[in-house]
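Nothing in this text is a laboratory measurement; each read-out follows from the coordinates by a stated rule. Bear in mind that the values here come from a model prediction, so they are computed numbers and not experimental data. Every residue, glycine among them, receives a Cβ derived from its backbone with ideal geometry; neighbour counts consider all protein chains shown.
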Amino acid sequence: MTPELDAIPGLLGIDHIGVAVPEIEAAIAFHTVLGLRLEHREDNPEQGVREAMLVAGDPASGLTRLQLIAPLTAPGPGPASSVARFLTRRGPGLHHLAYRVADLRAASAVLPRRGYRLLYDAPRGGTRGSLINFIDPKDAGGVLIELVEPAATDQHSG
Ligand code: V0V
Ligand code: CO
């Protein structure tokens, strides 16, 4: 493949948008009033987050997902999660944009080749058994971009 054409193969669309919140229950309550439905909850200690995935719209017409993320670690001494740092430095708000890819390893191979840094050397565990990695926001116009390959059993959703 020529360098001009070397792009991520199989970028399928936006998987979710991540919003950092200090307290997950209040955020769920607000977004439920907007009409989103709570689809999934999970704690991810490796990422230091408590997560709630909400969904809008009719599955037949394509789904829109919002991922609320709150720090998992209690305030106080000890290492702060990156989301806790984000809340301290920037306050609640838009945190990341997650693109769904068909094959995260193939997608990950392209970026360093083109001079863009990934945060992890190898994919890590994301929501619902997915594989995730992130592009360094310094290389992505200040936006934290997540690449997510859903678990094989989850490919139908969204
Ligand atoms: C920090 N920065 C960001 C940012 N967080 N820029 C854009 N979007 C964000 N969310 C900038 C910050 O303004 C600084 O820029 C610089 O990065 C370093 O800031 P820091 O406070 O020292 O930040 P750190 O130490 O937290 O590092 C930032 C990165 C870190 C992005 C490297 O947050 C990280 O590793 N993120 C990936 C993991 C993650 O975010 N997990 C939570 C979602 P200046 O001041 O130097 O210009 S978990 C998830 O989505 C899951 C599980 C899922 O979907 O399944
Ligand atoms: Co995410």
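Specify the residue with the greatest mean-square fluctuation among Asp139, Asp103, Asp15, computed from a Gaussian network of the chain linking alpha-carbon atoms under 10 Å apart.
Asp139
State the extension gain, in nm to one decimal, for the chain segment bounded by Ala122 and Ala26, taking 0.36 nm per residue of separation less the distance between their alpha-carbons.
Full extension of this stretch gives 31.1 nm more.
Exactly which chymotrypsin sites (Phe, Trp or Tyr not before Pro) in the stretch 103-158 are in a DSSP loop and have at most 12 other Cβ atoms within 10 Å?
Here the chymotrypsin sites (Phe, Trp or Tyr not before Pro) that fit, given the DSSP loop and packing criteria, are Tyr120.
Let me check I've understood the local charge: for Ala106, count other residues with C-beta under 14 angstrom from its C-beta, Lys and Arg +1, Asp and Glu -1. What total comes out?
It works out to a net charge of +1.
Note down the magnitude of the dipole of the stretch 7-158 about its Cα centre, charges +1 on Lys and Arg C-beta and -1 on Asp and Glu C-beta and zero elsewhere, to the nearest 20 debye.
Charge dipole of the stretch 7-158: 440 debye, to the nearest 20.
Could you tell me which residue out of Val49, Leu66, Leu36 lies farthest along the dipole of the stretch 13-69 toward its positive end? Charges go on the beta carbon: Lys and Arg +1, Asp and Glu -1, centred on the Cα centre.
Projecting each Cα onto the dipole axis, the largest value belongs to Leu36.
Express the relative contact order of the chain as a whole percentage, based on alpha carbon pairs under 8 Å and six or more residues apart in sequence.
25 percent
So what are the chain's ellipsoid semi-axes, whole angstrom, largest first, if each one is the square root of 5 times an eigenvalue of the alpha-carbon gyration tensor?
So the three semi-axes of the chain are 26, 21, 13 Å.
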